[in-house]
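Q: Structure provided below as structure tokens; questions to follow.
The values are calculated or read from the model by the stated rules, or taken from the named source; none is laboratory data. Treat the numbers as computed from the prediction; the structure is a model and nothing was measured. Note that each Cβ is placed from the backbone with ideal geometry, even for glycine, and that neighbours are counted across all protein chains shown.
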Amino acid sequence: MSRADARSEELSDQILEFIRSSDLRSGDRLPSEGEMADQLGISRAKVREVYVSLLERGVIERQHGKGTFVKEVPIKDDQGYQSGFAASIAAAGLQPTVEILAVAHSPVDVDLASELRIAPGTEVPKLLRLFRADGDPVVLIEDYLAPRFDVEAMELDQNAIDLIAAMSKQADLSGSWIDTHITATNLSHQRAQQFDLPAGSPAIHIHSLVRSSRDEILCAARAWLNPSQIKLKSSRRVNMSDPAMLSFIDRRSAVSRRTSQGPFSKQAKGNPQ
């Protein structure tokens, strides 16, 4: 990303945060470009540029002679797949709800069996849930539970919004953790339909494994995030006193030294240093 693109992204985040922190809802009026420029301490031209970008993304809309209005409140997700999507939706000032699209016992394929550490073809409880924010579809989750769980006893009508809590009634989840793998994907026709998006639309895909304190795999989950509604953001503190981090830096330095002395170094090719 160029410096200009990074700056534009930063300004977009500032305006999105203004929408959230001001508790603005769909249909609420935004400050004019001049008013927003004064509030954020940036030029009116920059605000106009960001407004155009947000218009294209469908976050805001302009009404001739009236002004600029919020169209869709964006959800900021700080690793929400770990803290709970419902909490992230509520933090954006929206009403979280969940719709159970399917409950079944499904035989697992070889890959899923390997993840759950069971034999291929074993039937496991399978759930398909759609999270909504003020009625708009935002997260689709496909859960495969370990065979030990009795999905009929989970009272999903009351507990579907927090599956971890429902699972904790049948298994000891103290000390458990969630491993996640995040990739970009294109939505299949079926998945896109559930988000009211065109087939092939880009989306974030999250693959998670819920592990018990004894390293038992309790659940394998696949989530698709509506790209027009959710933006992932995270931060991580670097601990330079961590032996693992120091070891990593030492290895990087050793690789760098070997590369500079190897047959592909600039000196070996006769290039000036």
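Q: Failed condition for GLU61, given (1) loosely packed, with under 13 Cβ neighbours inside 10 Å; (2) touching a Phe, Trp or Tyr at 6+ places or on another chain (Cβ under 7 Å); (3) not hydrophobic (A, V, I, L, M, F, W, C), with all others met?
A: The one condition GLU61 does not meet is (1).
Q: Another question about this same structure. Report, by residue number, each residue of segment 48-58 that is under 10 Å from LEU30 (Cβ atoms) and of a type in the set (A, V, I, L, M).
A: Scanning segment 48-58 gives a single hit, LEU54.
Q: Can I ask one more? Quickly run through segment 95-129 and pick out the residues that are surrounded by fewer than 19 Cβ atoms within 10 Å (Cβ to Cβ), among the aliphatic types (A, V, I, L, M) and in a strand (DSSP E or B).
A: If the condition is that a residue be surrounded by fewer than 19 Cβ atoms within 10 Å (Cβ to Cβ), among the aliphatic types (A, V, I, L, M) and in a strand (DSSP E or B), then ILE100, LEU101, ALA102, VAL103, ALA104, LEU128 are the ones that fit.
Q: I need every pair where a residue in segment 86-115 that is free of Cβ contacts under 8 Å to residues at least 12 places away in the same chain has its Cβ under 9 Å from the Cβ of a residue that is outside any strand (DSSP E or B) and polar (S, T, N, Q), sequence separation at least 6 or different chains.
A: From residues that are free of Cβ contacts under 8 Å to residues at least 12 places away in the same chain, the pairs are ALA113/THR122.
Q: Right, here's the next one. Only one of (1) hydroxyl-bearing (Ser, Thr, Tyr); (2) over 18 Å from the mean Cα position of the chain (by Cα); (3) modelled with pLDDT of 85 or more; (4) over 28 Å from SER114 (Cα atoms) fails for SER201. Which number is that?
A: (2)
Q: A further question on this structure: Do the conditions hold for ASP77, that is, is it modelled with pLDDT under 95 and either aliphatic (A, V, I, L, M) or surrounded by 14 or more Cβ atoms within 10 Å (Cβ to Cβ) (or both)?
A: yes
Q: If you take the residues in segment 204-245 that are charged (D, E, K, R), under 26 Å from ILE100 (Cβ atoms) and over 17 Å from the mean Cα position of the chain (by Cα), which one is modelled with the highest pLDDT?
A: Result: GLU216.
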